[in-house]
Amino acid sequence: MNACPPRLALVVPCFNEAERLDGDAFIAFARERSDRRLCFVDDGSTDATAARLAEIAAAAPERIGVECLSVNQGKGSAVRAGIRAELARAPRYVGYWDADLATPLRFVETLADHLDLHPELALAAGSRILMLGRPVARRAVRHYLGRVASTLVSLALRAPVYDSQCGAKLLRNGPALGALLDAPFASRWLFDVEILARIARSEPGTAEAVLHRRVHEVPVPEWTDVPGSKVGFGALLRLPADLVRIRTTMRRMRIDRMRG
């Protein structure tokens, strides 16, 4: 373990990612600065992901760790396991990143700097907004499905979230984060929405007001739609049921806290 806590720890959930992992990019990122850590979580992969992750970790063992789940539990469980493992190292910030590196790793420093500038924030989230100077290469069908999903998420949260599902997020460490992750996520895919919902319920005020105070969406500098995504049209069909499950779970958690 490093003598000083890292500035940031980044969790990378992996399920059957042996062919897509850019080991050189991850190793370079970990070696570039001594105050960074990477934690890969193998979510019960059935291909050569475990061996590939072992190779990557061996290149920088002090800065790259690997957690293994014996069976596939879903991205949300993998992210939660990785973050909880890294909290023992007391990083200032801890987040998660998609294994395909659709969002460049360098963007994590932008998120960390944003949290430095805004100490009131609990979360800085990447947002895929196509604008001049910020190329976002996304297939049209995924873009429009994403807009439908974001609209449904905004209605469920009662807050204007532009892009809840971008896989580039950084959270501020502290007691509030530990409490945020106490309970397992109800959804395998929409755990990002659950994080937002838990932040919204963590203090008095409307969801919109709390999320405006505690969360900022930060446009990614670029984003590339990498082939091989595990999220397809079926996820959109499951979205309404997942949102209902999340709202039911949040209501139950609130009742349990009131009784406690």
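The values are calculated or read from the model by the stated rules, or taken from the named source; none is laboratory data. These figures come from a predicted structure and were not determined experimentally. For neighbour counting, all protein chains shown are included, and Cβ atoms are generated from backbone atoms with ideal geometry for every residue, glycine included.
Is it the case that segment 94-103 has a residue that's at positive phi and over 17 Å from the mean Cα position of the chain (by Cα)? No: zero hits.
Note on segment 163-192: among residues that are outside any helix (DSSP H, G or I) and among the small types (Gly, Ala, Ser), the one that is nearest to Ala149 (Cα to Cα) is Ser164.
Within segment 193-215, the set of residues being among the acidic types (Asp, Glu) and either closer than 16 Å to Ala124 by Cβ or assigned to a helix (DSSP H, G or I) (or both) comprises Glu194, Glu208. For segment 39-67, filtered to residues that are of a type outside the set (D, E, K, R) and surrounded by fewer than 16 Cβ atoms within 10 Å (Cβ to Cβ), the residue that is nearest to Ala179 (Cα to Cα) is Pro61. Applying the criterion of being β-branched (Val, Ile, Thr) and assigned to a strand (DSSP E or B) to the residues of segment 4-32, the residue that is surrounded by the fewest Cβ atoms within 10 Å (Cβ to Cβ) is Val11.
Against the conditions (1) free of Cβ contacts under 8 Å to residues at least 60 places away in the same chain; (2) among the charged types (D, E, K, R); (3) part of a helix (DSSP H, G or I); (4) outside the structural domain of Val193 (by TED's automatic domain parsing), Glu67 satisfies every one except (3). Criterion first (in contact (Cβ under 8 Å) with a residue 24 or more places away in the chain, aromatic (Phe, Trp, Tyr) and out of contact with any Leu (no Cβ under 7 Å at 6 or more places or on another chain)) does Phe40 satisfy it? When the stated conditions are applied, Phe40 does not pass them. Here Asp182, Asp225 are screened, and the one residue that is among the acidic types (Asp, Glu), surrounded by 14 or more Cβ atoms within 10 Å (Cβ to Cβ) and either in the same structural domain as Ala124 (by TED's automatic domain parsing) or modelled with pLDDT under 90 (or both) is Asp225. Every test in (1) of a type outside the set (A, V, I, L, M, F, W, C); (2) in contact with a Ser or Thr (Cβ under 8 Å, 6 or more places away or on another chain); (3) outside any loop (DSSP other than H, G, I, E, B); (4) outside the structural domain of Pro184 (by TED's automatic domain parsing) is passed by Ser150 save one, and that test is (4).
Quick grid of which residues meet (1) modelled with pLDDT of 95 or more; (2) under 17 Å from Leu171 (Cα atoms); (3) surrounded by 14 or more Cβ atoms within 10 Å (Cβ to Cβ):
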{"site": "Arg201", "(1), (2), (3)": "no, yes, yes"}
{"site": "Pro204", "(1), (2), (3)": "no, no, no"}
{"site": "Leu211", "(1), (2), (3)": "yes, yes, yes"}
{"site": "His216", "(1), (2), (3)": "yes, yes, yes"}
{"site": "Pro219", "(1), (2), (3)": "yes, yes, yes"}
{"site": "Gly232", "(1), (2), (3)": "no, no, no"}
{"site": "Arg252", "(1), (2), (3)": "no, no, no"}
{"site": "Ile255", "(1), (2), (3)": "no, no, no"}
{"site": "Arg259", "(1), (2), (3)": "no, no, no"}
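Condition (residue is at negative phi, modelled with pLDDT under 95, not assigned by TED's automatic domain parsing to the domain that holds Thr224 and not hydroxyl-bearing (Ser, Thr, Tyr)) applied to segment 5-16: is it met by at least one residue?
Yes: segment 5-16 contains one or more residues that are at negative phi, modelled with pLDDT under 95, not assigned by TED's automatic domain parsing to the domain that holds Thr224 and not hydroxyl-bearing (Ser, Thr, Tyr).
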